[in-house]
Amino acid sequence: MSTPLGYQINYTSDTGATPRIDPNAPLYASEDGVVASLSNSECIFQVKRTGQTHVMTYQVLQALDQSREFRTLDEHAERVMATVSGLAGQRVAVRRVFEGLVGRGLLVSAPDFVQNLGHAAQREIAPLRGVFIRACDRPDQLAHLLASLADYERRHRGNRNYVLLDDSASPEAANRHRDLLREFARATGCKLTYVGAVESRQLTDKLARAVPSAAAFLSRIVLGGSERTRFGGGRAWNLALLLSAGARAILLDDDHRLPLRRLADARPGLDPDPARIGETLFYRNLDNALAAGEEVDEDPFEIHLAALGRSLGDLVQDSRYAIEPSSLRGLALNRLDHLRSQAPVLATQHGACGASRTDSANWLYQLPPAARAEFTRDRDSYLRNIEAGSIWYGYRQANVRDAATFSPFALDNSVMLPCTNPSGRGEDALFSCITALCHPGALALELPFAVGHAQEAQRKRSALTLAAHTPKFNYWIVDYIRRQLPEFRSDDPAQRLGLLAAHLHDVAAAAPGGAVRQLKEYLAFVRADLIERLQTQYDSASDAPIYWQADVRTMIEANGKALIANASPRLGDWPEGVDDAACARLLREETDQLAQSCEAWPALWTYASGQGGRLLGAV
């Protein structure tokens, strides 16, 4: 406990002119804390970050409350004099109090915050197990990816170990994939491993013998069970996690293309703002989008691997990721809780140029003004842009946050990373959300690059965008985790995954009427939330083109009609026309299956981790 603060502001005459505020002066922000009353004039303030307690007057507490964001002491003083009753013109007294608060550590300087962040021990870095490529019935896309990887190997001589996880249903596509791998091996000399249906079954049998308690669930976790008719990117994802357990891994999809590219004005350093919005740029066609920016001439894999697995405190000592104290301006300390020196970087990711990575493009109607102007520049380009088939989305500066926003490029699987749902789209968002639940405080590092993303055909996203918002099952689980789970206390990721499973079992045990109510409440919430955000955009963009305004009104009306309709609460990847009973059954079945997967996963991962590279070598 620190010495109590008996601060009060003593009024003195201040006839001096308002001083010029130096924008280059040191920045300070007040600590966040909990307040308890002592009397009508005094209170106890306990600092959340350190637990220290201080006694102060309520007037000083008001001054602290007005100084949450990093600004200069003169700026804080001007704001306090303007907002706290009775302090107008008391600049000398207010400044004296602020200087005392600095001395007591209740105001933190930006240089001190950055310096303290850099104090962290180095973590042991796990080896790279391989580059895992998810492929499914798209030989042409895989051919383009392998060609770009062959060019990478010729330029950088990485001699990586590549693993193709082939989830193809077509024997012809699988055979073509094998041919492409053989050609790639001859061209590069790299080690390659093919994991198709036969190899996946062999691995599943081996794991079932080693971990009998998980045998009943393995087929679904890795092979998809009876749900092969639905998108199954999570099946290969889970398989990659088992094959890389105890090591690090790089993940690619067959519609990716190297090299990485960055915008010409990309900046070094780490942006501390967790709410920073990515850049969205629009291009006439796919080729223009894929060629946007400048090519990264460094080894793209090494850029990611050089950061993956390090603690944030170690990372920010690297000039590539240094935090400038001036970049904290305007940010409050409670918005920087993710910046902890010991926080490990368990995932790295980057943006994409080419096709959008989302099914719907309703996010394009929530862009900031400058990007919205580009989005709606003229009607012809607008009609092209709403399909989001030739865009750039990424960042100009690296940043960290507690969960990845899209599929990670590299993962540190030396600690247990959770499984994801083997079926349904949104498996990457679900994985990142559960990872954040299992490893609170761990970080995902977003790099200021973009990887090419060229889908097999142009997708029509506008129909889904303009219709009522209907999230898929995996996104429902993400929202459930973020909004409805209580705070977990355990530090053990396996126990935290088990706690999640228990809550999911509870959802699955609901009576049909309860399940329907939960779904209806959820859909009402997400649709009402979207309406509010769209209405805010509409009201603030009165100068937007009429075709943009018309589409925003269409989206608002579609979601409004869905809100008041007494329709069955269908999620986006369930069949059209299902009734209430079918919705309840699907919710209960799929939630219970995911819970069972989460329960089985820790034992599977632990065994796979103990095998090291032998599990992959056995394929």
Failed item in (1) more than 26 Å from ILE391 (Cβ to Cβ); (2) touching a strand residue (DSSP E or B) at 6+ places or on another chain (Cβ under 7 Å), with GLN317 passing the rest: (2)
Residue within region 194-202 that is assigned to a helix (DSSP H, G or I), over 31 Å from the mean Cα position of the chain (by Cα), polar (S, T, N, Q) and closer than 24 Å to ASN421 by Cα present: yes
Of all residues making up region 433-476, the number that are touching a strand residue (DSSP E or B) at 6+ places or on another chain (Cβ under 9 Å), in a helix (DSSP H, G or I) and surrounded by 23 or more Cβ atoms within 10 Å (Cβ to Cβ): 1
All helices (runs of 4 or more DSSP H) inside region 222-312 with 1 or more residues being within 30 Å of PHE473 (Cβ to Cβ), in contact with a helix residue (DSSP H, G or I) (Cβ under 8 Å, 6 or more places away or on another chain) and of a type outside the set (Val, Ile, Thr): 233-243
Some residue of region 72-88 being over 30 Å from PHE301 (Cα atoms), among the small types (Gly, Ala, Ser) and either assigned to a strand (DSSP E or B) or touching a strand residue (DSSP E or B) at 6+ places or on another chain (Cβ under 7 Å) (or both): no
Test: residue in region 131-143 that is over 23 Å from LEU339 (Cα atoms), in contact (Cβ under 8 Å) with a residue 60 or more places away in the chain and out of contact with any Asp or Glu (no Cβ under 8 Å at 6 or more places or on another chain): yes
So ALA215, is it surrounded by fewer than 18 Cβ atoms within 10 Å (Cβ to Cβ), at pLDDT below 95 and within 20 Å of GLN611 (Cβ to Cβ): yes
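Yes or no, residue by residue, for (1) surrounded by 15 or more Cβ atoms within 10 Å (Cβ to Cβ); (2) modelled with pLDDT under 95; (3) over 19 Å from GLU183 (Cα atoms):
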position	(1), (2), (3)
GLY118	yes, yes, yes
GLN122	no, yes, yes
ALA126	yes, no, yes
ASP137	yes, yes, no
GLN141	yes, no, no
LEU145	yes, no, no
TYR152	yes, no, no
Residue list for region 126-152, filter: closer than 18 Å to ALA306 by Cα and either among the basic types (Lys, Arg) or part of a helix (DSSP H, G or I) (or both): ARG129, TYR152
The listed residue being crowded, with 17+ Cβ neighbours inside 10 Å, free of Cβ contacts under 8 Å to residues at least 60 places away in the same chain and either in contact with a Lys or Arg (Cβ under 9 Å, 6 or more places away or on another chain) or over 28 Å from PHE431 (Cβ atoms) (or both), out of LEU534, LEU519, LEU563, LEU523: LEU523
In region 486-524, the residues that are within 17 Å of ASN421 (Cβ to Cβ) and at pLDDT below 95: none
Filtered residues of region 519-557 (kept if among the hydroxyl-bearing types (Ser, Thr, Tyr) and more than 26 Å from the chain's Cα centre (by Cα)): TYR538, SER540, SER542, TYR547, THR554
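The values are calculated or read from the model by the stated rules, or taken from the named source; none is laboratory data. Only a predicted model underlies this, so the values are computations on that prediction, with no experimental measurement involved. Positions of Cβ are backbone-derived with ideal geometry, glycine not excepted, and every protein chain shown enters the neighbour counts.
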